[in-house]
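Laboratory data are not the source of any read-out in this text; all were calculated from the coordinates shown. Keep in mind it's a predicted model, so treat the numbers as computed, not measured. Positions of Cβ are backbone-derived with ideal geometry, glycine not excepted, and every protein chain shown enters the neighbour counts.
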Amino acid sequence: MVSNPRLRRLEADHRSMLELKSQSDLIDFEVLSGLPPHKYRIRLRCRGVYLHPENNKKAITVNHAVLVNLHSEYPRKQPAMKWETPIYHPNINRANGGVCIQYWAPSKSLADLVMMLYDMVRYENYNVKSPLDTEAANWANKNAARFPVDSRPLTKPEIQISIAEASEQSEEGSESDIIVILPPTQP
């Protein structure tokens, strides 16, 4: 049994991630570092918007990856995150992959964060008042009636309850702007 609070938290977060992955085919992850893990690559399979590189129009992509580092000040401070795949979102910086989740509390688990990221990709969760990408924020403002771009929940409602319980136990555009569904890509 691990007595260090940080290690206990990392172990609990890993368990919650395994539980979340077992309940959804829309998420996957790999552990990049640590025992217990503290660096992850999270993969989400859902519709999201990006700028197509050939014509600079908004397009749909279905594969997303983000690096998450549960640094030494986690969970007091939010995890460090870097978006690895192309995305067009007000709260994700296209230039450097920075992610702004608006609100963090130490009681949030890594699984909670992943559910927030899933909602961000689908435009279920976005903030145009404090954007990292002003262009995407302006587009989102004009197209809010079209969101979310993917209506599927990450997990079934009855499964979301069990994940929450596990976490508690462990401590400018028109319709033609969206044009393409791309095949899977790896970062």
Between Leu18 and Glu84, Cβ-based FRET efficiency (R0 22 Å, step 0.05) works out to 0.50
Any chance you could check the Cα centroid distance between the stretch 52-115 and the stretch 16-45 for me, in angstrom? 14 Å
Residues meeting the amide H criterion for Glu84 (H placed from the backbone, H to H distance under 5 Å, 5 or more places apart or on another chain) are Ala65, Val66, Leu67
Which residue, chosen from Ile92, His52, Ser151, occupies the Cα position most advanced towards the positive end of the dipole of the stretch 5-177, where the dipole is computed from +1 (Lys, Arg) and -1 (Asp, Glu) charges on Cβ about the Cα centre? Ile92
Give the residue list of trypsin sites (Lys or Arg not before Pro) in the stretch 73-152 that are DSSP loop and have at most 15 other beta-carbon atoms within 10 angstrom. Arg76, Lys77, Lys129
Give the calculated FRET efficiency between Lys57 and Asp28 to the nearest 0.05, with a Förster radius of 41 Å applied to their Cβ-Cβ distance. 0.90
Interchain or sequence-distant (5+) residues whose placed amide H lies within less than 5 Å of the amide H of Leu70 are Lys39, Tyr40
Can you compute 3J(HN,Hα) from phi for each residue in the stretch 64-78, using the Karplus curve 6.51 cos²θ - 1.76 cosθ + 1.60 with θ = phi - 60°, rounded to whole Hz and x for Gly and Pro? 9, 9, 9, 8, 10, 10, 8, 5, 5, 8, 6, x, 4, 10, 4
Taking θ = phi - 60°, what integer Hz values does the Karplus form 6.51 cos²θ - 1.76 cosθ + 1.60 yield along the stretch 13-19, in sequence order, with x for Gly and Pro? 5, 5, 4, 5, 5, 4, 5
Of the listed peptides 10-23, 49-62, what is their order by residue-averaged count of other C-beta atoms within 10 Å, with the highest listed first? 10-23, 49-62
